[in-house]
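No value in this document is a laboratory result; all are computed from the given coordinates. Note that the coordinates shown come from a computational prediction; the quantities given were computed from them, not determined experimentally. Cβ coordinates were reconstructed from backbone atoms using ideal geometry, including for glycine residues, and neighbour counts include every protein chain displayed.
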Amino acid sequence: MDYTDIIYEVDGSAAVITLNRPARLNAWGGRMGHEVPDALNRADSDRAVRGVIITGAGRGFCAGADMGMLNSIASAGGEAVAEDPLATPGPIEANYHQRFSWPLATKKPLIAAVNGPAAGLGLILSLYCDMRFASESARFGTAFAKIGLIAEHGVSWLLPRAVGTGNALDLLYSARVIGADEALRMNLVQRVFPNDELLPATKEYVAQLATSSPEAMRVMKRLVWDAQFQDLAQAIQGANASMPPTLAGEDFKEGLAAFAEKRPPIFRGVGD
């Protein structure tokens, strides 16, 4: 696929997906909904990639849905929400195939490097990443209540898990904008960096992950997200079922050999 609204590049072990509509603060338009999933699949297929970063071009991460798109929806009297046809296989698998939940199904660590405003759909996209790193100029807001919309696309499920119910309802009711420091105190983000250090520091974090087993990280990511839809017994059973293939895997053998030989492990990448 040729990209017009994003930039895809690989730098060492990190794939970087840059939302690239800077004149509109990278507002989410129709093409992004096709290009970002394609880029994530491309990163999943590349064995050299150990982690994926989503960021924004210019001074914003993603200011939300493009206003032209919202005006068209309002003029049409609403939007028909078509779910992914894969949304019906089973009670857990369906969670990975809803309209905006596809980032959860990626095989590799996925980090939002939030370099400026992240509002509405921009905030939602960051919440579907495994973690969020922010620049000092990052700003976060739900935006929905100010334009008469509700908590959409799963944010009512994602946001309380990140910041707690009270903080989530505060942000949703008020639609107030918070800065990086408050976001860190709320646990909405995991790291805050000076503006010019955000992307290099996030790439360095991915480089550190390159010393971990890609297969182990793939399985752990799925287990952690699966567990959000399970009770404790189901989570234990899922992890226990994943152990025999892990014990028989090449990464486990390599990890043991590297430990015994006092050297860094050389793990195979995950991909096609």
Helix 165-174: inclination vs the chain longest Cα principal axis, degrees, rounded to 10, gives 30
Angle between the chain longest axis and helix 250-261 axis [Cα atoms, degrees, rounded to 10]:
60
Order 162-168, 34-40, 123-129 from most to least packed using the mean count of other Cβ atoms within 10 Å.
123-129, 34-40, 162-168
Pseudo-spin-label distance K146 to E254, built 7 Å along Cα→Cβ, given in nm, is 4.8
If I model a spin label as a point 7 Å beyond the Cα along the Cα-Cβ vector, how far apart are those points for T165 and S242 in nm?
2.8
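Taking the highest mean first, how do the peptides 222-235, 174-187 order by number of other beta carbon atoms within 10 angstrom per residue?
Details: 222-235: 13.8, 174-187: 16.1.
Answer by packing, highest mean first, reads 174-187, 222-235.
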Helix 32-45 sits off the longest principal axis of the Cα atoms of the chain, rounded to the nearest 10 on a 0 to 90 degree scale, by 10
Expected sort for 95-104, 11-20 on mean C-beta neighbours within 10 Å, highest first, is 11-20, 95-104
Helical contribution to [θ] at 222 nm, DSSP H n ≥ 4, -39,500 (n - 2.57), averaged over the chain, rounded to 500:
-12000 deg cm²/dmol
Just E204, E215, E250 to compare: in a GNM of the chain, with alpha carbon springs under 10 Å, which one fluctuates most?
E250
Be a star and scan segment 175-218 for residues whose amide nitrogen sits under 18 Å from the point 7 Å along the Cα-to-Cβ vector of E261.
211-214
Among (1) 17.9, 53; (2) 19.2, 67; (3) 19.4, 60, which one is Rg and Dmax of the Cα atoms in Å computed from these coordinates?
(2)
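I need the calculated FRET efficiency for the pair L232 and E197, taking r as the beta carbon distance and R₀ as 30 Å, to the nearest 0.05.
On the way: r = 39 Å, r/R0 = 1.31.
After rounding to 0.05, the efficiency reads 0.15.
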